[in-house]
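Undergrad: Got a structure for you, written out below as structure tokens; questions coming shortly.
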Amino acid sequence: MITDILGAFAFLTVIPVAQEHQPAKPGRIFAYFPLVGLVIGLMLAGIRAVEIHKELSAFLTLLGWIVITGGLHLDGFGDACDGLFATTTPEKRLAIMKDSRAGMWGVVGLVILLLGKWMTIGMVEPLLLVLPPVTGRLAMVLAARFFHPARASGIGSYFRNGLEPPQVTTAIFSGVFIAVLSGWPAVLTILAAPLTVALAGRWAAKRLGGGLTGDVYGWLCELTELICLIFLAVV
């Protein structure tokens, strides 16, 4: 269990963890993704709570968000945008997503995403910032469990080893528990995970020939986080 928790933190953040051994079944770390999201969210809440200019506080919080996660999901988001929005075949979309060069859709998508986050962070109570990272990582769990990998090898396939119903159940219950503690109507943000995965994930799978990749997991995580922030900003 401890190895799996440390594995989740090592994979999703730049937080230094003492991990001597890799998890025997990498998919087991998904059970603790919402826990990692909670830690990330608490760190963001701490940055956002500092009494400075609201726009500057939002910028520093967003910067902290990127640094803490190492830009992992932003990289996937950009690559996924390049591939998913390309007007071509599923095979070529997958090839585009493997290309390390940034395309037009990737740049446009990242600009819109970061602007959206920056604008909404300043409108959300600091403590509620725990919810988007939790819900975004729950979306990754659901996407990895309920969609086939688009490639026989790669992150999407690698992490299915060990990702079973007990891991999904643990992730869902922990995510719901954290959301419930946040009170009404913030608890509704947890619904963004299954809804985003069901709608955007299904669309992405069709674009890629029936499955998802690790880049799409990151895309769904970032998209879910933005949806959560928008909801929290307007309620």
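Undergrad: May I ask you to derive the FRET efficiency for residue 25 and residue 198 from their Cβ-Cβ distance with R0 = 35 Å, giving the value to the nearest 0.05?
TA: Result of the calculation: an efficiency of 0.85.
Undergrad: Show the residues, 5+ positions off or on another chain, whose built amide H is closer than 5 Å to the amide H of residue 212.
TA: Long-range HN contacts for residue 212: 148, 150.
Undergrad: Let me ask something additional. Per-residue HN-Hα couplings for the range 214-222, Karplus 6.51 cos²θ - 1.76 cosθ + 1.60 at θ = phi - 60°, whole Hz, x for Gly and Pro?
TA: Ordered by residue, 3J(HN,Hα) equals x, 4, 5, 4, x, 5, 5, 4, 5 Hz.
Undergrad: Report the Stokes-Einstein translational diffusion coefficient (µm² s⁻¹, integer) for the range 2-234, Rh taken as the Kirkwood radius over Cα pairs, at 37 °C with viscosity 0.692 mPa s.
TA: 186 µm²/s
Undergrad: Starting from the Cα of residue 173, step 7 Å along the direction of its Cβ; do the same at residue 123; then give the gap between the two resulting points in nm.
TA: Reported label-point gap for residue 173 and residue 123 is 3.6 nm.
Undergrad: Taking neighbour Cβ counts within 10 Å as the exposure measure, how do 121, 2 sort from fewest upward?
TA: 2, 121
Undergrad: Sum -39500 (n - 2.57) across every DSSP H segment of at least 4 residues in the chain, then divide by the residue count to get the 222 nm mean residue ellipticity, nearest 500.
TA: Helix-only estimate at 222 nm: -20500 deg cm²/dmol.
Undergrad: Sticking with this one: Tell me the label-point distance for the pair residue 152, residue 87, using the 7 Å Cα-to-Cβ offset, in nm and rounded to one decimal.
TA: It works out to 3.3 nm between the two label points.
Undergrad: Also: For the chain, please report how many Lys pairs fall under 29 Å Cα to Cα, leaving out neighbours fewer than 8 apart on the same chain.
TA: 7
Undergrad: Top mean-square fluctuation among 32, 217, 158, Gaussian network model of the chain, C-alpha springs under 10 Å?
TA: Of 32, 217, 158, the Gaussian network model singles out 158 as fluctuating most.
Undergrad: Could you give the size of the charge dipole of the range 2-234 about its Cα centre, using +1 on the Cβ of each K and R and -1 on the Cβ of each D and E, expressed in debye and rounded to the nearest 20?
TA: In debye, rounded to 20, the range 2-234 gives about 560.
Undergrad: What whole-number distance in Å separates the alpha-carbon centres of the range 30-44 and the range 71-117?
TA: 25 Å
Undergrad: Quick check on the exposure proxy: order 123, 140, 1, 43 from fewest to most C-beta atoms within 10 angstrom.
TA: Ranked by crowding around the Cβ, least crowded first: 1, 123, 43, 140.
Undergrad: Would you mind ranking 203, 184, 118 by Cβ crowding within 10 Å, fewest neighbours first?
TA: 184, 203, 118
Undergrad: Please work out the FRET efficiency for the pair residue 99 and residue 184, using the Cβ-Cβ distance as r and a Förster radius of 45 Å; give the result to the nearest 0.05.
TA: So, using R0 = 45 Å, E works out to roughly 0.50.
Undergrad: Given springs between every Cα pair under 10 Å in a Gaussian network model of the chain, which of 150, 86, 24 has the largest fluctuation?
TA: 24
Undergrad: Sum up the charges of everything whose Cβ sits under 15 Å from the Cβ of residue 167, counting Lys and Arg as +1 and Asp and Glu as -1, but leave residue 167 out.
TA: +3
Undergrad: Measuring from label point to label point, each 7 Å out along Cα→Cβ, what is the residue 233 to residue 191 span in nm?
TA: Calculated label separation equals 2.1 nm.
Coordinate-derived values only; no laboratory data. Predicted, not measured: the structure shown is a model, and the values here were computed from it. All Cβ positions, glycine included, derive from the backbone under ideal geometry; neighbour counts span all protein chains shown.
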